[in-house]
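Provided herewith is a single structure, encoded as structure tokens, for subsequent inquiry.
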Amino acid sequence: MSGLDLIRSAIGNTFRSKTRTTLTVLAIFIGAFTLALTSGVGTGINRYIDTTVSSIGSDDVMTVTKTAEDTSTGPAKYEPDTTNVESATGRPGSTVEAITAAELDDIRAVPGVESVDPVLTARPNYVAYDGGTQYQAAIGGFVSGMSLDLAAGSEPSGDSDTFEVALPVSYVEPLGFSSDADAVGKTVTFGVTDQTGASSTIDATVTGVAEAGLLGSSSLTANDALTTALYDAQSVGLSSSSKDSYASVSLRFDPSSSDEQVSTIKSDLKELGYDATTVEDQIGSFKTVIDAIVLVLNGFAVIALIAAGFGIVNTLLMSVQERTREIGLMKAMGMGAGRVFGLFSLEAVFIGFLGSAIGALGAILAGTALNGVLANGLLSALPGLTLIAFDPASIAVIILVVMGIAFLAGTIPALRAARQDPIESLRYE
């Protein structure tokens with residue numbers, strides 16, 4: 001019997017007892033369905049997190065701040081030579097020790113640091129369009145390597161001298177635009193009050209409209225030219241030392257740096273009295289939690305698959321018993337023990353393939369339908385999030401893993417069949 005004949009025979013024998021095979025396949029289906037669905041949840045959420053990571057910064061950038069003094073045992077001592085500035089959070093009373101222009105050189109001198117740029121905190125009073133209603137506006141800077149999830153238009157140009165801004169989708173309708181596309185190319189006005197109490201306005205061109213992200217949708221993304229203009233306008237009346245004091249700086253390092261090299265840069269900065277965090281540091285905990293949840297859910301799916309494996313053992317043991325005389329006949333006609341073992345192993349693998357393939361297909365259909373329901377309901381506040389996303393490679397791995405479990409489960413009955421004595425088998429009633 002050739003290999004192809006062996007496969008055909010195994011597939012045909014699988015359906016001899018349709019009810020028994022169907023129940024076994026159903027048990028495998030449940031495990032594979034659960035495993036594929038939970039894997040899809042992990043893939044979908046992690047993809048969304050990766051999109052969010054790229055939208056808030058590049059992976060070769062660190063945010064550097066002064067190390068805060070521990071105040072858990074009492075208030076920090078006043079140091080007359082230090083300058084405090086409002087932190088980037090913008091919360092009332094939220095201040096941090098400033099990084100001065102002179103200290104930027106100390107940071108630049110750290111081995112592995114390629115460039116250091118102060119983070120300018122622009123805080124306009126309002127943004128408005130065509131003399132309409134004025135709305136509060138929080139400004140976020142656009143840095144190289146950033147990638148916005150755009151609903152329309154394009155990202156602000158970091159190298160342009162013109163003032164450019166990307167609006168969040170939540171600002172489109174209130175500002176008076178008819179659609180996301182309608183806002184692109186229009187001019188909005190920012191109102192600024194300086195330290196002397198004088199008011200001024202700055203116009204900027206809307207280049208794009210950004211979708212809401214994991215970290216919210218309230219910030220307008222400005223290019224360097226606009227951020228600098230707003231910062232300069234609000235800083236009129238400040239002393240040079242105050243104007244050149246920053247809550248944080250953006251540090252760029254070689255993107256090919258290893259994790260060990262990045263850790264060394266952080267350690268060197270720590271010794272100088274600075275804390276440095278990458279985008280991955282800021283958002284990595286999300287992935288850790290999601291991966292842990294998915295791992296637990298996958299554990300339940302694996303338990304279901306192991307239970308299904310016992311079903312395969314039972315199905316094939318009964319098949320061996322029912323086909324004892326047939327096995328004896330095959331051996332008497334010259335079929336070796338290896339071929340008999342292969343025949344029953346192939347039956348187990350085929351049962352595993354049926355259950356896992358149908359389970360994966362069912363998970364894809366269910367996930368697609370569920371995504372549509374959630375996108376218009378529970379997850380409507382997070383446009384762009386596909387909760388359940390399926391990676392073809394992951395689906396293929398799940399099917400192969402289930403087939404491997406089925407093969408292992410089928411070895412016991414396959415060995416029993418291979419060890420049958422042909423003479424005794426032919427006498428079996």
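Across region 289-355, what fraction of all alpha-carbon pairs, as a whole percent, falls in each successive 5 Å bin from zero upward?
In whole percents, the pair-distance histogram is 4, 14, 18, 18, 13, 10, 8, 6, 4, 3, 2, 1.
Around Pro168, under 11 Å between beta carbons, what's the net of Lys plus Arg minus Asp minus Glu among the other residues? Before the final figure, lay out each step's value.
Values: positive: none; negative: Asp149, Asp180, Glu211.
Neighbour charge sum, excluding Pro168 itself: -3.
Could you give the length gained on full extension between Gln136 and Asp254, defined as 0.36 nm per residue of separation minus the Cα-Cα distance, in nm? Working shown, then result.
On the way: separation 118, 0.36 × 118 = 42.48 nm, distance 3.73 nm.
Between Gln136 and Asp254, full extension yields 38.8 nm more.
Now for a different question. If you take the square roots of the eigenvalues of the alpha-carbon gyration tensor of region 165-274 and sort them as a ≥ b ≥ c, do you get rounded (a/c under 1.5), prolate (a/b over b/c) or oblate? Let's see the in-between values first.
Values: a/c = 3.07, a/b = 1.37, b/c = 2.24.
Oblate is the answer for region 165-274, as a/c is 1.5 or above yet b/c matches or exceeds a/b.
Work out the charge dipole of region 163-245 with +1 on the Cβ of Lys and Arg and -1 on the Cβ of Asp and Glu about the Cα centre, then indicate which of Thr201, Thr221, Leu167 is farthest towards its positive end.
About the Cα centre, the residue reaching furthest to the positive side is Thr201.
Ranked by accessible surface with a 1.4 Å probe, highest first, in what order do Arg325, Arg20 come?
Working: Arg325 125, Arg20 45 Å².
I get Arg325, Arg20, largest accessible area first.
Please compute the modelled spin-label separation between Thr411 and Asp203, points set 7 Å along Cα→Cβ, answer in nm with one decimal.
So the label points at Asp203 and Thr411 sit 7.7 nm apart.
Based on Cα positions only, what radius of gyration and what Dmax would you give for region 109-178, in angstroms?
Computed over the Cα atoms of region 109-178, radius of gyration and Dmax are 15.5, 51 Å.
Report Thr34's accessible area, 1.4 Å probe, all protein chains in place, as a number in Å² to the nearest 10.
Answer for Thr34: close to 50 Å² accessible.
The values are calculated or read from the model by the stated rules, or taken from the named source; none is laboratory data. Bear in mind that the values here come from a model prediction, so they are computed numbers and not experimental data. Reconstructed Cβ throughout: ideal geometry from the backbone, glycine too, with neighbour counts over all protein chains shown. For accessibility, only protein heavy atoms count, side chains too; no ligands or nucleic acids. Shrake-Rupley method; radii C 1.70, N 1.55, O 1.52, S 1.80 Å.
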